[in-house]
Amino acid sequence: MSERTIDAGIIGGGPAGTMAAIEAARNGLETAIWDRGTFPRDKVCGEFLSPEALPLLRQVIPETMCRSVPIRRAEFCSKRGRIRSISFPEPGAGLSRLVLDHALWEAAQRAGARCHSDEAVLAVGRGAPEGEAAWQITPASRRVTSARRLIVACGRWWKLSGLASPAGLENKRSAGEWLGAKAHFRGIEAMDAVEIYFFPGGYCGLAPVEDGAYNACCLVNRNIARSYGGSALPDFRMWISKIAGHPVLDRRLRKAVQTSPTVTTAPVRPARRSPESSGILIAGDAAGFLDPFTGDGISIALHSGQLAARQLAEAFEGGLPLPPALRYRRQLSRAVRRSYACASLLRHMVRAPAALQDWLAAAIPSFVCSRLMSETRWRDFPMR
Ligand SMILES: Cc1cc2nc3c(=O)[nH]c(=O)nc-3n(C[C@H](O)[C@H](O)[C@H](O)COP(=O)(O)OP(=O)(O)OC[C@H]3O[C@@H](n4cnc5c(N)ncnc54)[C@H](O)[C@@H]3O)c2cc1C
């Protein structure tokens, strides 16, 4: 069965997809969005919102943002002790993905987008060449929707007949190196910092989130993770304690009580990908995944989703010198080029052996570290 043609079809309801839906609907486009999950749903994430994400979020979900916790510093800690504290020029915030993604989904609904949760999109394909619709979207319900334009925001990987997932190809080549895991805790003494604990083979972040809870999220080399039980992790604290053997982290978690099930994701592999394929605009992690320790993935997802929808809205208004996909590719590339270059530099520090990490931390002045971190952030350029 085929419905009438809409202006913008958006696949994936994370920060990138919902932001695109909000922007498209606010610009008067008839918009629909699909997600395979049901909200609220959990997600492996450090749950640190970088300062660059906050103005956008305060605009679209102001009440929810009142629940977020300000985070003013990053504390880095090797197994030998605290090695570096960096104050942010502007505070970031902590908020769980359970709350954040649900609020964004509802905001997309309020903005006027048709929101289909619990409905995976199975296939996308070109509409009939003589018809006005460019794309046919086939979800699990088989109720086909025709859309003039398409934004894909399916995260790091997807299974979508008609659009190859670049992550699938990458992972086959390199068998993805990292496993991500997270759980929430209570009973951790509050700090206004995101804490990063390094150990050989990975790192674990601690960040305060809403309602007095703490999020612990780690990335661990998959071979090491496998030898400690793989991804079946009922007790996060015991698992990370065995893997990391990090005395300072153990002390921080000593009185903590786990309040949410451990969730895991693998493989995790930073990669820059194409933001466009045959005229489809690709946003968020689907267009490239920045190292999680930069804490800017959500911000980049939000901004790229908004940018993609703006390009479509402007194309509908007409009179643009370039097709929207080309304009989007150019704008996105300008906004994140430096992010990837600096993140790959920082990656070497994160993956260095413990002794070298300590030496680098002592040798590199704080202002250089904080400059490098700030260079990973989304950069706004005026539209042209
Ligand atoms: C371990 C780890 C820690 C991180 N920590 C942080 C942090 O502290 N701060 C930060 O800013 N970033 C962090 N990130 C990065 C951040 O999680 C991502 O950048 C962000 O989630 C990207 O948003 P997105 O909308 O592109 O994708 P996602 O949030 O992955 O959303 C994609 C959505 O698409 C849906 N979907 C997929 N396929 C289909 C389909 N076929 N049909 C319908 N729906 C589909 C999925 O259900 C999902 O809801 C971290 C990432 C990891 C792995």
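Quick note: the coordinates plus some simple rules give every number you see, no bench work behind them. Bear in mind that the values here come from a model prediction, so they are computed numbers and not experimental data. So basically every Cβ, Gly included, is an ideal-geometry build from the backbone, and we count neighbours across all protein chains shown.
Determine which lysines satisfy two conditions relative to residue 79: a Cα distance under 17 Å, and not lying fewer than 8 residues away in the same chain.
242
Against the longest alpha carbon principal axis of the chain, how many degrees, from 0 to 90 and to the nearest 10, is the axis of helix 324-351 turned?
Approximately 10 degrees, to the nearest 10.
Can you list residues whose amide H is under 5 Å from residue 116's amide H, if they're 5+ apart or on another chain and H is modeled 1.01 Å from N?
HN-HN under 5 Å from residue 116: 33, 34, 35.
Among 144, 48, 345, flag the residue with its Cα farthest along the positive direction of the charge dipole of the chain, charges on Cβ as +1 for Lys/Arg and -1 for Asp/Glu.
Result: 345.
Hey, can you grab everything whose amide H is under 5 Å from the amide H of residue 88? Only 5+ residues off in sequence or another chain; H modelled, so Pro and N-termini drop out.
73, 74
Want the number for residue 192 to residue 90: 0.36 nm per residue separation, take away the alpha-carbon distance, what's left? Show your work: numbers first, answer last.
Values: separation 102, 0.36 × 102 = 36.72 nm, distance 1.27 nm.
This chain segment gains 35.4 nm when fully extended.
Using only Cα atoms and rounding to the nearest 10 degrees, what angle (0 to 90) does helix 354-363 make with the longest principal axis of the chain?
So the inclination is approximately 90 degrees.
If R0 is 56 Å, what FRET efficiency do you get for residue 228 and residue 314 from their C-beta distance, rounded to 0.05?
Values: r = 51 Å, r/R0 = 0.90.
So, using R0 = 56 Å, E works out to roughly 0.65.
Taking the chain as the region of interest, what is the percent of Cα-Cα pairs per 10 angstrom bin, listed from the shortest bin to the one with the maximum distance?
5, 24, 33, 24, 11, 3, 0
Which three numbers, in whole Å and largest first, are the semi-axes of the equivalent ellipsoid of segment 169-328 derived from its Cα gyration tensor as √(5λ)? Before the final figure, lay out the partial values.
Numbers: eigenvalues 280, 76, 25 Å².
Whole-Å semi-axes of the equivalent ellipsoid: 37, 19, 11.
Ranked highest first by average number of other Cβ atoms within 10 Å, how do 197-205, 18-26, 259-267 line up?
Values: 197-205: 22.3, 18-26: 29.1, 259-267: 17.0.
Top of the packing list down: 18-26, 197-205, 259-267.
Filter the GluC sites (Glu not before Pro) in segment 86-149 down to the DSSP loop ones having no more than 10 other Cβ atoms within 10 Å, then list what survives. Before the final figure, lay out the partial values.
Details: sites: 106, 119, 130, 132; in loops: 119, 130, 132.
Passing both the DSSP loop test and the Cβ count: 130, 132.
How do 329-337, 5-13 rank on mean C-beta neighbours within 10 Å, highest first? Before the final figure, lay out the partial values.
Values: 329-337: 17.9, 5-13: 26.4.
So the order, starting with the most tightly packed, is 5-13, 329-337.
Using a 10 angstrom cutoff on alpha carbons, build the Gaussian network for the chain and name the most mobile of 183, 207, 256.
So, out of 183, 207, 256, the one fluctuating most is 256.
Obtain the nm distance between the two label points defined at residue 80 and residue 118 by a simple spin-label model: each point lies 7 Å from its Cα along the Cα-to-C-beta direction.
If labels sit at residue 80 and residue 118, their model points lie 5.5 nm apart.
Sorted by average packing, counted as other Cβ atoms within 10 angstrom per residue and highest first, what order do 138-149, 45-56 take?
Result, highest mean Cβ count within 10 Å first: 45-56, 138-149.
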